[in-house]
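**Q** Before we start, here is the structure in question, set down as C-alpha coordinates.
The values are calculated or read from the model by the stated rules, or taken from the named source; none is laboratory data. Here the structure is a predicted model, which means the values were calculated and not measured. FYI the Cβ positions are ideal-geometry reconstructions off the backbone, even for glycines, and counts take in every protein chain you see.
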(Lines give C-alpha, C1' and ligand atoms only; values in the text may rest on other atoms or scores of the structure.)
Protein backbone atom coordinates (compact mmCIF):
# COMPACT_ATOMS: atom_id res chain seq x y z
CA UNK A 1 0.00 0.00 0.00
CA UNK A 2 1.19 3.49 -0.80
CA UNK A 3 2.18 5.54 2.24
CA UNK A 4 1.33 9.22 2.00
CA UNK A 5 2.70 11.04 5.02
CA UNK A 6 3.27 14.55 3.68
CA UNK A 7 1.27 16.47 1.09
CA UNK A 8 2.31 19.80 -0.42
CA UNK A 9 -0.43 22.12 -1.70
CA UNK A 10 0.80 25.26 -3.49
CA UNK A 11 -1.96 27.88 -3.20
CA UNK A 12 -2.81 31.23 -4.76
CA UNK A 13 -6.25 31.45 -3.08
CA UNK A 14 -8.17 31.08 -6.34
CA UNK A 15 -11.11 28.72 -6.93
CA UNK A 16 -8.74 26.01 -8.29
CA UNK A 17 -6.63 26.36 -5.12
CA UNK A 18 -9.76 26.02 -2.99
CA UNK A 19 -10.57 22.77 -4.81
CA UNK A 20 -6.98 21.51 -4.41
CA UNK A 21 -7.01 22.25 -0.67
CA UNK A 22 -10.32 20.42 -0.25
CA UNK A 23 -8.98 17.41 -2.14
CA UNK A 24 -5.71 17.42 -0.18
CA UNK A 25 -7.64 17.47 3.11
CA UNK A 26 -9.78 14.58 1.86
CA UNK A 27 -6.66 12.55 0.99
CA UNK A 28 -4.92 13.53 4.24
CA UNK A 29 -7.86 12.23 6.27
CA UNK A 30 -7.80 8.89 4.42
CA UNK A 31 -4.04 8.40 4.77
CA UNK A 32 -3.48 10.20 8.09
CA UNK A 33 -1.10 12.57 6.30
CA UNK A 34 -0.06 16.12 7.11
CA UNK A 35 -0.59 18.98 4.66
CA UNK A 36 1.68 21.94 4.00
CA UNK A 37 -0.02 24.86 2.26
CA UNK A 38 2.58 26.91 0.39
CA UNK A 39 1.97 30.38 -0.94
CA UNK A 40 4.75 31.94 -2.97
CA UNK A 41 4.77 35.67 -2.51
CA UNK A 42 5.87 37.61 -5.55
CA UNK A 43 5.55 41.32 -4.67
CA UNK A 44 5.99 44.11 -7.20
CA UNK A 45 9.61 44.08 -8.41
CA UNK A 46 11.91 46.90 -7.36
CA UNK A 47 15.23 48.02 -8.86
CA UNK A 48 16.87 45.80 -6.21
CA UNK A 49 15.20 42.52 -7.23
CA UNK A 50 16.25 40.71 -4.04
CA UNK A 51 14.48 43.21 -1.76
CA UNK A 52 10.68 42.89 -1.36
CA UNK A 53 8.77 46.18 -1.39
CA UNK A 54 6.76 45.14 1.67
CA UNK A 55 7.50 42.89 4.62
CA UNK A 56 6.23 39.41 5.33
CA UNK A 57 4.55 40.73 8.47
CA UNK A 58 2.46 43.14 6.38
CA UNK A 59 1.71 40.22 4.06
CA UNK A 60 0.40 38.21 7.01
CA UNK A 61 -2.03 41.03 7.83
CA UNK A 62 -3.15 41.33 4.20
CA UNK A 63 -6.19 39.71 2.55
CA UNK A 64 -3.97 36.87 1.37
CA UNK A 65 -2.78 36.28 4.94
CA UNK A 66 -6.42 36.06 6.02
CA UNK A 67 -7.08 33.52 3.24
CA UNK A 68 -4.24 31.32 4.51
CA UNK A 69 -5.73 31.44 8.00
CA UNK A 70 -9.10 30.34 6.56
CA UNK A 71 -7.46 27.29 4.97
CA UNK A 72 -5.77 26.45 8.29
CA UNK A 73 -9.02 26.86 10.22
CA UNK A 74 -10.74 24.53 7.73
CA UNK A 75 -7.99 21.96 8.29
CA UNK A 76 -8.53 22.11 12.01
CA UNK A 77 -12.30 21.73 11.57
CA UNK A 78 -11.74 18.66 9.37
CA UNK A 79 -9.22 17.09 11.73
CA UNK A 80 -6.27 17.54 9.37
CA UNK A 81 -2.82 18.55 10.57
CA UNK A 82 -1.81 21.45 8.33
CA UNK A 83 0.61 24.33 8.36
CA UNK A 84 1.06 27.36 6.18
CA UNK A 85 4.30 28.24 4.45
CA UNK A 86 5.14 31.59 2.89
CA UNK A 87 7.96 31.90 0.41
CA UNK A 88 9.34 34.74 -1.68
CA UNK A 89 10.39 34.22 -5.30
CA UNK A 90 9.50 32.25 -8.40
CA UNK A 91 6.67 29.75 -7.71
CA UNK A 92 7.84 27.06 -10.15
CA UNK A 93 11.38 27.07 -8.78
CA UNK A 94 10.41 27.11 -5.11
CA UNK A 95 7.79 24.37 -5.43
CA UNK A 96 10.24 22.09 -7.22
CA UNK A 97 13.02 22.85 -4.74
CA UNK A 98 10.97 21.49 -1.83
CA UNK A 99 9.03 18.79 -3.73
CA UNK A 100 11.35 15.94 -2.72
CA UNK A 101 10.36 16.45 0.93
CA UNK A 102 6.79 15.36 0.12
CA UNK A 103 4.99 12.20 -0.98
CA UNK A 104 2.42 14.03 -3.11
CA UNK A 105 1.77 17.49 -4.53
CA UNK A 106 -1.85 18.56 -5.01
CA UNK A 107 -2.34 21.66 -7.18
CA UNK A 108 -5.23 23.58 -8.59
CA UNK A 109 -5.28 24.34 -12.30
CA UNK A 110 -7.34 26.69 -14.41
CA UNK A 111 -7.13 24.48 -17.49
CA UNK A 112 -6.03 27.25 -19.83
CA UNK A 113 -5.48 26.49 -23.49
CA UNK A 114 -4.72 28.30 -26.70
CA UNK A 115 -2.27 31.14 -27.22
CA UNK A 116 -2.05 32.22 -23.56
CA UNK A 117 -1.11 28.67 -22.58
CA UNK A 118 1.52 28.40 -25.32
CA UNK A 119 3.10 31.75 -24.45
CA UNK A 120 3.15 31.14 -20.70
CA UNK A 121 2.57 27.57 -19.46
CA UNK A 122 0.94 27.33 -16.04
CA UNK A 123 2.78 26.80 -12.77
CA UNK A 124 0.93 23.49 -12.44
CA UNK A 125 2.09 22.28 -15.85
CA UNK A 126 5.68 23.26 -15.06
CA UNK A 127 5.55 21.30 -11.78
CA UNK A 128 3.85 18.26 -13.35
CA UNK A 129 6.54 18.03 -16.01
CA UNK A 130 9.51 18.41 -13.66
CA UNK A 131 8.61 17.08 -10.20
CA UNK A 132 10.11 13.79 -9.06
CA UNK A 133 7.04 13.04 -6.90
CA UNK A 134 3.43 12.44 -8.00
CA UNK A 135 1.41 15.57 -8.77
CA UNK A 136 -2.38 15.58 -8.65
CA UNK A 137 -3.99 18.51 -10.46
CA UNK A 138 -7.51 19.56 -9.60
CA UNK A 139 -9.73 21.82 -11.67
CA UNK A 140 -12.11 23.98 -9.63
CA UNK A 141 -15.18 22.43 -11.22
CA UNK A 142 -14.06 18.85 -10.51
CA UNK A 143 -12.99 19.06 -6.86
CA UNK A 144 -16.38 18.22 -5.34
CA UNK A 145 -17.09 15.53 -7.93
CA UNK A 146 -13.92 13.65 -6.97
CA UNK A 147 -14.87 13.51 -3.30
CA UNK A 148 -18.33 12.22 -4.18
CA UNK A 149 -16.83 9.44 -6.31
CA UNK A 150 -14.36 8.48 -3.57
CA UNK A 151 -17.15 7.72 -1.09
CA UNK A 152 -19.73 5.78 -3.07
CA UNK A 153 -22.80 4.38 -1.44
CA UNK A 154 -23.06 0.64 -1.18
CA UNK A 155 -23.96 -0.88 -4.52
CA UNK A 156 -25.23 -4.40 -4.83
CA UNK A 157 -24.50 -6.23 -8.02
CA UNK A 158 -24.51 -9.89 -8.92
CA UNK A 159 -21.15 -11.59 -9.04
CA UNK A 160 -20.66 -13.27 -12.37
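**Q** Would you pick out the residues in segment 14-44 that are outside any helix (DSSP H, G or I), surrounded by fewer than 19 Cβ atoms within 10 Å (Cβ to Cβ) and modelled with pLDDT under 95?
**A** 14, 41, 42, 43, 44
**Q** With the structure loaded, tell me whether residue 75 is closer than 23 Å to residue 27 by Cα, surrounded by 14 or more Cβ atoms within 10 Å (Cβ to Cβ) and at pLDDT 55 or above or whether it fails that test.
**A** Taking the combined requirement at face value, the residue satisfies it.
**Q** Of everything in segment 62-88, what is under 20 Å from residue 98 (Cα atoms) and part of a loop (DSSP other than H, G, I, E, B)? Give them in sequence order.
**A** Scanning segment 62-88 gives a single hit, 81.
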